[in-house]
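Have a look at the structure below before the remarks.
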Amino acid sequence: MSRRPGLTRRFVGGGNNPLGGIFHSKSKASPLLSIVLVLLGTVVVIGYVFKGSGGSGDYKAFSKTEGDFSCTYDVHTAMPILRKTYGDDGMRRVLHVGPDTCSIVSQLRKEKDTEAFGVEPYDIEETDVSCRSLVRKGLVRVADIKFPLPYKSKSFSLIIVSDSIDYLSPKYLNKTLPDLARVSAQNLVIFTGKPSHSKTKLPQASRFGRPAKMRSASWWARFFVQTSLEENEKAAKKFDEAAAKSSYKPKCQVFHLNSYH
């Protein structure tokens, strides 16, 4: 997890400032000043870690930290658009699969009449206290998505996938994507990187064991046909219309698929 640099403040004494003798700009820093600065830096770091752990983090900052290719911010900001597209019934029971799933699950669980669960494709950092709490409650699972997910068929009304499948080779995609469709009772939405993101530095690559492969829309269209997955054109149209009205322009590609029936 990236951390913000410690903040330093300049205290200039003088005039009627009762602390002028301690914080005078020309005087040598006193031990008290050093202690104050250390405590200030500690508070800033702790506050940032707490804010960034689990569900209440600044997901826009996270997206920038992880690279412009990350679809996490797109997923967060797309929630109202997805609700307009699929309705309350379509988002009654949602599963998110991908990095930073805890923040997305936490956001979804604030919605009325929505049950939300998540699958984190790699280990959670020790500092993610809130995220580990979701894991203990069984709301988030850490699982290798190259293997069948630990859910029954048609367990969720909507599956949202972001970033994670960009790291899978076609060999595993042939197994993973159909399994995601298996646990969906109705719809599957995929947020994936664009080929233009391939030049972006990918700090997550080592976690997945391979660099991300940014594929074109035409490549995905052919792959969906090969795996017998149908694109949901009606949902895609509603999503695009709602996005246009809200001035929402995702940086990532968004695909809407029907589940297996």
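What the table shows:
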quantity: When residues of region 109-138 are limited to those that are in contact with a Lys or Arg (Cβ under 7 Å, 6 or more places away or on another chain) and part of a loop (DSSP other than H, G, I, E, B), the one farthest from residue 177 (Cα to Cα); calculated: 113
quantity: Output for region 139-192, where each listed residue is polar (S, T, N, Q) and either surrounded by fewer than 18 Cβ atoms within 10 Å (Cβ to Cβ) or in a loop (DSSP other than H, G, I, E, B) (or both); calculated: 153, 155, 169, 174
quantity: Selected residue (only one of 205, 243, 236 is modelled with pLDDT of 95 or more and touching a Pro at 6+ places or on another chain (Cβ under 9 Å)); calculated: 243
quantity: Every pair of residues 6+ apart whose Cβ atoms lie under 9 Å, when the first sits in region 131-155 and is free of Cβ contacts under 8 Å to residues at least 24 places away in the same chain and more than 12 Å from residue 118 (Cβ to Cβ) while the second is in a loop (DSSP other than H, G, I, E, B) and aromatic (Phe, Trp, Tyr); calculated: 144/122
quantity: Odd one out for residue 153, checked against (1) touching a strand residue (DSSP E or B) at 6+ places or on another chain (Cβ under 6 Å); (2) over 27 Å from residue 196 (Cβ atoms); calculated: (1)
quantity: Among (1) modelled with pLDDT of 90 or more; (2) at negative phi - the single one residue 53 does not satisfy; calculated: (1)
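The values are calculated or read from the model by the stated rules, or taken from the named source; none is laboratory data. All values reported here derive from a predicted model rather than from experimental measurement. Don't worry about glycine lacking a Cβ; one is built from the backbone with ideal geometry, like all the others, and counts go over all protein chains shown.
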